[in-house]
Every structure is written in C-alpha cells, then in structure tokens.
Amino acid sequence: MLLRLLLLICAPLCEPTVLFVTVSPSPPIEGNSMTLACNTWTPPQTLDPPPQKLEVQRQFCFYKDGLALGLGWDSLPELRIPTVWREDSGSYWCEAKMTSLKVIRSPRVQINVHSIPISKVSLEIQPPDGHLMVGEKLVLACSVTGGTGEITFFWYKGSLGLKLDMKTQLSLKAKFEIPAVRESDSEQYYCAAENGYGPRLSELVNITVRIPVSRPVLILRAPKPDALVGNVVELFCEAQRGSPPILYHFYHENVSLGSSSAPFGGGVSFNHSLMAEHSGNYSCEANNGQGAQRSAVVTLNITGRLSARDPPRSPPRPAPQQTTYINSQALKQLQPVYENVNVVSGDEVYSLVYCTQQERPATAEEPSGTNIEDKVSWNSFFFFFCLFAISLAAPAAYGGSQARGRIGAVAAGLRQRHSNEGSEPHLQPTPQLTATPDC
C-alpha cells in the first residue's frame with residue numbers, strides 16, 4: 001500500500017514535461033494585438049499527442065531577447081500585447097514553475113511582426129482652394145489610406161522635386177506648415193510616404209499666392225490743356241502691384257461712371273465725353289478680390305464749350321503752304337473788312353465793305369518803267385477781289401437774284417471808276433457801299 005501511494009505521488013513529478021510558446025494571430029500584423037501562450041506536452045507515449053495547457057496553479061513568465069515581459073511571474077499561461085510593431089519582432093520563450101524548486105523553460109521561438117505596405121498617398125492643403133494671400137499660413141497634410149508601422153513622410157515643391165521636409169512617425173498622417181507664404185511660394189507641391197516597401201507619391205497640388213492690389217494712380221488725358229464741353233477725356237487707372245485679374249471702377253463725385261477689367265494685370269482706360277456738369281473730382285478703384293484700393297482724387301474744371309471749328313479729337317492739320325511770287329511786288333495782306341451799321345427796319349441790312357492794299361515801297365534797284373505794268377495788273381486783281389468781297393457781304397435775306405442785281409450795279413460803278421482813273425497805279429478804297437432794296 002505504501003509503495004503504491006508513493007508511485008501515485010511521484011508519477012506526475014517524474015514525467016518529463018516540455019514547454020513551448022505559441023502566438024496568435026500568426027503571423028502578427030503590425031498595429032494589431034498579439035497573444036503569447038505557454039503550452040506543454042508529455043513525451044510521445046502516443047504519436048503526435050495534442051498540446052495541453054499547464055495547470056493554472058503554476059506560475060509563468062514570458063521573455064523577449066532576455067527581458068521579462070508584462071508584470072513578470074503570473075498565474076496565467078497567456079500574455080496579451082495590445083499593439084505590436086515591426087520592432088517587436090524577436091526571440092520569445094516562456095518559463096513555468098512546476099514546484100518551488102523546479103523551473104522549466106521553453107525553447108526559443110522567432111516571431112516576426114509583419115507590416116502592410118502603403119496603398120495610397122494623398123496631399124491635402126489648407127486652405128482647400130489653394131489660394132492664399134501673402135503672409136498667410138499654408139498647411140500641407142500628407143496621409144495614407146493603407147499601411148502599417150512607422151511611416152516616413154516627405155514633402156516636395158515644384159516639378160523638379162525640391163525637398164522641403166521629412167518626418168517619421170507611427171501614424172497615417174503628417175503635416176508640414178509654411179507659417180507665412182511669399183509670392184515665390186506659388187508652385188506645385190506633392191508628398192511621398194514609405195514604410196519599408198518603397199515610397200509612394202501623391203498627386204500634384206497647385207498653390208497660388210495672391211498679392212493685394214496697391215493704391216492705383218488715376219491720370220486724366222485731354223486733347224487740350226483746357227477741358228471744354230464736348231471734349232472726350234481719357235481716364236487711365238493703374239495699380240502697380242496686384243495679382244490679376246484686376247477690376248477697375250471709375251467715379252465722378254463718388255458716382256460710378258463704369259468699369260473695366262485687366263485680365264492680365266496692368267492698367268485700363270475709360271473714355272468720358274464731357275458735359276457742363278462734369279466738372280469736379282474724379283477717382284478710380286482697383287480690386288482683385290483681395291481688397292479694394294481707391295486712388296487719390298483728381299479735379300477737372302470745364303472752362304467752355306467746344307466750337308464748331310474745333311471738333312474734339314480732330315487730327316492736326318498741316319500748316320498751309322505759303323505761295324511765293326517771283327519778280328512781283330510783295331503784298332502783306334489783302335482782306336475785305338466788314339463793318340455793320342444800324343439796322344433800319346424790316347429785312348434791310350447796311351454794311352460797309354473796304355478793300356485795302358498795302359504796297360511795298362519801291363527800292364532804288366527796281367527800274368521805274370518795269371513796275372507800272374505790274375501795278376496796273378495788280379490793280380485789276382484788286383478790283384475783281386473787291387467785287388468778290390462785295391458779293392460775300394450781300395445779306396442772304398435779299399434773295400439770290402435781287403442780290404446779284406445790286407452787286408451788278410455796284411460793280412458797274414466800280415468798273416467806270418477804274419476806267420476813268422486810267423493808269424493810276426493805286427486803287428482807292430471804296431468809301432461806302434450801301435445795299436438798299438431800291439438799288
């Protein structure tokens with residue numbers, strides 16, 4: 001009896017026990033949890049016996065690369081690790097205290113944590129439309145929709161790939177910021193990410209840095225120094241700086257005259273036909289969507305009306321050619337002079353018409369014989385010129401045929417006077433020509 005009792009007690013202790021570690025899931029995936037279990041099985045009394053868990057009253061401890069995991073010795077034969085990464089790959093084993101004097105160690109097992117390659121990389125920007133003012137902050141957020149483990153992010157500028165920054169972190173998204181953008185930051189941007197399987201690139205994103213318009217300058221361009229009613233004035237407005245397109249508005253005394261756009265920047269012109277009430281203050285305004293700027297006020301004074309002989313914007317006429325006379329007596333000017341006298345009654349108009357000749361004094365070199373014939377011919381010219389001037393002086397109110405009759409009477413008197421004077425070289429001015437209804 002006593003021998004049988006000893007055999008029953010010693011049998012479990014004398015049986016050889018083998019420990020081994022199992023992991024689930026297998027293989028573990030980076031970023032997920034992993035569970036280690038310490039298992040045992042007895043020598044092969046049967047072929048391939050199934051593993052059996054050790055009794056729970058015993059103590060267990062798990063190790064990785066010689067370091068104890070968790071809280072050390074515990075009564076549970078399992079250890080759960082909430083999140084594993086690729087650096088958690090290594091050599092694992094477990095130990096069990098079968099009695100107070102005996103500790104059993106399992107063989108080492110190599111566990112490799114697997115990672116998932118990056119599947120897609122995208123670049124998000126703030127602001128979303130990619131339009132910023134100079135001095136505003138630009139945020140470039142690079143993200144991946146798939147992939148595990150440590151991910152290294154890269155940011156690039158331009159199609160040539162100027163490297164801006166890089167970050168390595170255990171996350172699917174990383175940000176790069178430009179605190180205050182400049183005009184030179186208008187460019188294309190992209191990012192890349194990799195977690196050991198090679199980099200993946202995002203699409204290109206356009207960033208536009210807009211410059212607010214500067215204060216425009218207004219210039220008034222008139223055809224003449226004095227602005228007259230009927231003139232067309234050109235209003236030219238230009239902002240020296242500002243991202244296009246720029247919209248310009250023109251104002252007279254803060255009342256809008258019209259607008260014009262400069263799609264590629266620069267200035268614009270606006271033509272304005274002047275009226276009497278258009279004197280006053282003019283200004284213009286430039287706006288490219290980043291804030292409007294108003295020019296200084298320009299004052300325009302309209303001094304008079306445009307005459308019929310001075311039409312607006314008429315091209316300059318060439319100076320009249322001066323006729324040159326050879327071997328003849330030079331004349332200063334021959335011009336009819338009109339002088340209106342009192343209007344009597346009805347349609348009767350009285351005018352004085354004078355024809356004057358100013359001769360150049362004869363010089364000593366000129367022979368006296370050669371000048372008389374010239375003077376006579378010039379007197380004839382003066383005579384017919386006076387007739388022409390008289391015909392122009394006749395009032396239109398008398399009618400065509402009636403006026404020709406009066407002119408003919410006057411012409412006959414002058415012709416008789418000219419024949420009586422003979423070779424008199426000087427044509428005397430007609431003292432007075434009176435046009436009456438009875439002539």
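The values are calculated or read from the model by the stated rules, or taken from the named source; none is laboratory data. Bear in mind that the values here come from a model prediction, so they are computed numbers and not experimental data. Note that each Cβ is placed from the backbone with ideal geometry, even for glycine, and that neighbours are counted across all protein chains shown.
Are any residues in region 86-112 among the hydrophobic types (A, V, I, L, M, F, W, C) and surrounded by fewer than 16 Cβ atoms within 10 Å (Cβ to Cβ), and if so, which ones?
Within region 86-112, the subset among the hydrophobic types (A, V, I, L, M, F, W, C) is 93-94, 96, 98, 101, 103-104, 109, 111.
The answer is 101, 103, 109.
If we keep just the residues of region 136-149 that are modelled with pLDDT under 90 and surrounded by 17 or more Cβ atoms within 10 Å (Cβ to Cβ), which is farthest from residue 202 (Cα to Cα)?
Keep residues of region 136-149 that are modelled with pLDDT under 90, which gives 146-149.
Then drop every residue that is not surrounded by 17 or more Cβ atoms within 10 Å (Cβ to Cβ), which leaves 147-149.
On the way: 147: 15, 148: 18, 149: 19 Å.
Per the stated criteria, the residue is 149.
Working only within region 100-123, note down all residues that are of a type in the set (A, V, I, L, M) and touching a helix residue (DSSP H, G or I) at 6+ places or on another chain (Cβ under 6 Å).
First, the residues of region 100-123 that are of a type in the set (A, V, I, L, M): 101, 103-104, 109, 111, 113, 116, 118, 121, 123.
Residue satisfying the conditions is 113 alone.
Quick one: in region 159-200, which of the residues that are of a type in the set (Gly, Ala, Ser) and assigned to a strand (DSSP E or B) is surrounded by the most Cβ atoms within 10 Å (Cβ to Cβ)?
193
Looking at region 146-158, which of its residues are among the hydroxyl-bearing types (Ser, Thr, Tyr), under 29 Å from residue 83 (Cα atoms) and either touching a Leu at 6+ places or on another chain (Cβ under 8 Å) or assigned to a strand (DSSP E or B) (or both)? Outline the logic, then answer.
First, pick out the residues of region 146-158 that are among the hydroxyl-bearing types (Ser, Thr, Tyr): 148, 152, 156.
Imposing the further condition that a residue be under 29 Å from residue 83 (Cα atoms) reduces the set to 148, 152.
Matches in region 146-158: 152 only.
What are the residue pairs meeting all of these: first residue in region 223-248, first residue part of a loop (DSSP other than H, G, I, E, B) and surrounded by fewer than 17 Cβ atoms within 10 Å (Cβ to Cβ), second residue among the aromatic types (Phe, Trp, Tyr) and at pLDDT below 95, Cβ atoms under 8 Å, and 6 or more apart or on different chains?
Correct list of pairs: 244/264; 245/264.
Taking interchain pairs and intrachain pairs at least six residues apart, which have beta carbon atoms under 7 angstrom, with the first residue in region 98-121 and farther than 18 Å from residue 170 by Cβ and not assigned by TED's automatic domain parsing to the domain that holds residue 150 and the second of a type in the set (D, E, K, R) and surrounded by 12 or more Cβ atoms within 10 Å (Cβ to Cβ)?
Listed by first residue and then by second, the contacts come to 98/58; 103/95; 103/97; 104/95; 105/95.
Return only the number of the condition from (1) surrounded by fewer than 14 Cβ atoms within 10 Å (Cβ to Cβ); (2) out of contact with any Pro (no Cβ under 7 Å at 6 or more places or on another chain) that residue 218 does not satisfy.
The failed condition is (1).
Looking at region 203-217, can you tell me whether even one residue there is at pLDDT below 90, in contact with a helix residue (DSSP H, G or I) (Cβ under 6 Å, 6 or more places away or on another chain), among the aliphatic types (A, V, I, L, M) and in a strand (DSSP E or B)?
no
Output the number of the condition that residue 81 fails; it satisfies all remaining conditions of (1) out of contact with any Gly (no Cβ under 8 Å at 6 or more places or on another chain); (2) at pLDDT below 90.
(2)
Quick check, is residue 153 on the phi < 0 side of the Ramachandran plot, out of contact with any Ser or Thr (no Cβ under 9 Å at 6 or more places or on another chain) and surrounded by 14 or more Cβ atoms within 10 Å (Cβ to Cβ)?
Numbers: on the phi < 0 side of the Ramachandran plot: yes; out of contact with any Ser or Thr (no Cβ under 9 Å at 6 or more places or on another chain): no; surrounded by 14 or more Cβ atoms within 10 Å (Cβ to Cβ): yes.
Against the criterion (on the phi < 0 side of the Ramachandran plot, out of contact with any Ser or Thr (no Cβ under 9 Å at 6 or more places or on another chain) and surrounded by 14 or more Cβ atoms within 10 Å (Cβ to Cβ)), residue 153 does not qualify.
For region 246-266, which positions are under 20 Å from residue 299 (Cβ atoms) and not hydrophobic (A, V, I, L, M, F, W, C)?
Residues satisfying the conditions are 248, 249, 251, 252, 253, 254, 256, 258.
Could you list, in sequence order, the residues of region 188-240 that are of a type in the set (Phe, Trp, Tyr) and in contact with a Leu (Cβ under 9 Å, 6 or more places away or on another chain)?
Pass one, region 188-240, residues of a type in the set (Phe, Trp, Tyr): 189-190, 197, 236.
Selection gives 189, 190, 236.
So residue 264 ticks every box in (1) hydrophobic (A, V, I, L, M, F, W, C); (2) in a loop (DSSP other than H, G, I, E, B); (3) surrounded by 19 or more Cβ atoms within 10 Å (Cβ to Cβ) but one. Which box is left unticked?
Of the numbered conditions (1) hydrophobic (A, V, I, L, M, F, W, C); (2) in a loop (DSSP other than H, G, I, E, B); (3) surrounded by 19 or more Cβ atoms within 10 Å (Cβ to Cβ), the odd one out for residue 264 is (3).
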